[in-house]
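What follows is a set of notes on a single structure, which appears directly below.
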Amino acid sequence: MKNLIKKFRWYYLLVFTVLGLLSFRVADNYFELSKNLELYASVFREINTYYVDDIDAGKLNKKAIDEMLRTLDPYTNFISEAEAEDFRFQMTGQYGGVGSQIAPKDDYVVITDPYEGYPAQKADLRAGDLLINVEGKDIKGKTTSDVSKLLKGQPGSTVKVIIRRNGKEIAKTLVREEIKVKNVPYSGLINAETGYIKLSGFTNDAGKEVRDALLELKKKNIKQVILDVRANPGGLLNEAVNVVNVFTPQGIEVVTTKGKVSEWDKSYKTAFGAIDNTIPLIVLTSRGSASASEIVSGTIQDIDRGVVVGQRTFGKGLVQSTRPLNYNTQIKITTAKYYTPSGRCIQALDYSHRNEDGSVGSIADSLKREFKTKNGRKVFDGGGVEPDVKVEMKVYSQIAQSLLSKQIIFDFATQYREQYESIAAAKDFILSATDFESFKSFIANKEYEYSTQTEKELEEFKKKAEQEKYFDAIKSTYESLKLQLKHDKQADIDKNKEEIISLIEEEIVRRYYYQKGRIEAGFAHDSDVQEALKIFADPVKYTQILQVQNHKK
């Protein structure tokens, strides 16, 4: 009995010792927090009182908060009262306005993408229209952010604009509406057997939109489906679960989250029956697929529900939550990491261990761990979702990049829309040889200078030779090489003809059929889509990809 009492004494002594140490640690943390808050208040008060010039207290405080949060990760942000509306749009995809994308052009702002069915399109605003005046305010020199604020407003209110089209100024009055940017901007058939769903966001109802799209496609007797999450930056975690649920049955674990605070340790499972949990599925990914897109593609891969095709994803395995603060402000803060069903976290950058200069490095290959999918295939953490079938990312030629960045293809499409009232259906439109010759004439006097990679490297060679005092000896050779490399822009147009024509076709089609048309026009030139179609055409290959022996790191 004495030994038993002795053991209990040691047990209680150990418990109280641990609790005491924890209490001291908590107290120490609170002391540090209190001390630093007091220091901050003291510095702020002294600056406000004695600094030689008047200060903007709100602006200075915002800067201090932003700089503090920047030392954590790019996703932990302070949201001021003025930024609340933009944040609401990010979360819901909704705002009051005219429904159009805009971009800078020369000294003005140009309409680039009126959304079909919304005020800008209803008022016949077109891509290529220059905004000259909004509500009596001259737009010259204003930023896209300035103009966007002028165009937005309460649904039902009006906004007067003056545009310049083909040298003429036209006045328009638009009635603002509640704009809901769709998560699924397009769904349709690539061919008689293949359905395609483009998922561009994860705001409210993303899962419902994918569900409705698949139901409509099934009415057309599709045998397989492509879910495209390329360039999708993510959004709401629960909507990622809902999207996976469209293709998987009830009760499937999609993702778990783990944080410092136990309330963020959660498991998310599918809550409903699938729309179709057997139809062959391919998910398209790219370097721009992040967060919720990676939950969807990673989970589909982990449970061997479908094949992932494209490029490795971004690698964002962090979860943010929004918490209210004083004075109608908020903070979006990283509260947890998420893990796909195999147990991996695909976070690619290690924000917890910064370099001495403050930069952030990728997680080293040696630290990446191996996990297994449902069928036993190898997958790895620490670097995004690696596709099952990798497709090299398309890199446009230098001349194509120049024609795009200088908006020359955009301007040609604007001119084309003025000349032709209608064109063939989006999938059927082909730029004629005559039209291509017209394009070459159109750009004849346009400035689109560019340097080839070889030219850039030759210039680097020259700099190094000059630094090392060798250049005088090789100067004549350098000049000869430079002359030989001087590219003929007209020859480059013909050499890259197929690529340039595809870009022109997509831009022209968008003028008549909007975003949906551009997607359809791009199918034939889309290497990821074409690879997916090849896999679907070989059911044995599709099945083998999902088996253990065919999966490589």
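Just so you know, all these numbers are worked out from the coordinates, no wet-lab data involved. All values derive from a computational prediction rather than experimental measurement. Here the Cβ positions follow ideal geometry from the backbone for every residue, glycine too, while neighbour counts run over all protein chains shown.
The table below gives the values:
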| item | result |
| --- | --- |
| Cα gyration tensor shape of segment 111-160, rounded if a/c is under 1.5, else prolate or oblate by comparing a/b with b/c | oblate |
| Share, in percent, of DSSP beta bridges within the chain that are antiparallel, nearest 5 | 75 percent |
| Approximate spin-label separation Ser321-Ser157, in nm, with each point projected 7 Å along Cα-to-Cβ | 3.5 nm |
| Inter-centroid distance (Cα atoms) of segment 104-125 relative to segment 214-246, Å | 29 Å |
| Listed pairs Lys137/Lys182; Lys182/Lys394; Lys260/Lys316 exceeding 20 Å between Cα atoms | Lys137/Lys182; Lys182/Lys394 |
| Thr112, Thr322 arranged by Cβ crowding within 10 Å, fewest neighbours leading | Thr322, Thr112 |
| Efficiency of FRET between Ile170 and Lys220 - r from beta-carbon atoms, R0 45 angstrom, step 0.05 | 0.65 |
| Under 20 Å from Lys142, Cα to Cα: aspartates and glutamates that are on another chain or at least 8 residues apart | Glu83, Asp86, Asp106, Asp107, Asp113, Asp129, Glu169 |
| Using alpha-carbon coordinates, inclination of helix 408-419 to the longest axis of the chain, degrees | 60 degrees |
| R0 of 45 Å, Cβ-Cβ distance Phe272-Ala537: FRET efficiency to nearest 0.05 | 0.90 |
| Estimated FRET transfer efficiency (Asp107, Lys372; beta-carbon r; R0 51 Å; 0.05) | 0.30 |
| Between 0 and 90°, nearest 10: helix 453-467 axis offset from the chain longest Cα axis | 70 degrees |
| Those lysines that a straight Cα-Cα span of less than 20 Å connects to Lys446, excepting residues fewer than 8 apart in one chain | Lys105, Lys406, Lys486, Lys489, Lys495, Lys497 |
| Nonlocal amide H pairs with Phe272, under 5 Å, H built at 1.01 Å | Gly251 |
| Spin-label zone in segment 146-169 - amide nitrogen under 18 Å from a point set 7 Å from the Cα of Lys406 along the C-beta vector | none |
| Segment 260-406 - percent relative contact order, Cα under 8 Å, separation 6 or more | 24 percent |
| Residues listed by number, segment 152-166, amide nitrogen under 17 Å from Lys122 label point at 7 Å toward C-beta | 152-161 |
| Cleavage-rule hits, chymotrypsin sites (Phe, Trp or Tyr not before Pro), segment 383-423, DSSP coil, Cβ neighbours within 10 Å at most 15 | Tyr396, Tyr420 |
| Low-density loop positions, GluC sites (Glu not before Pro), segment 399-508 - DSSP coil, at most 13 other Cβ in 10 Å | Glu421, Glu447, Glu449, Glu468 |
| D (Stokes-Einstein, µm²/s), Kirkwood Cα radius, the chain, 0.692 mPa s at 37 °C | 118 µm²/s |
| Approximate spin-label separation Ser438-Glu32, in nm, with each point projected 7 Å along Cα-to-Cβ | 6.9 nm |
| For the chain, with +1 on Lys and Arg beta carbons and -1 on Asp and Glu, the positive-most of Ile430, Ser80, Tyr40 along the dipole | Tyr40 |
| Set of lysines with alpha-carbon distance to Lys63 below 20 Å, sequence-local pairs under 8 removed | Lys332 |
| DSSP beta bridge pairing in segment 186-393, given as percent antiparallel to the nearest 5 | 60 percent |
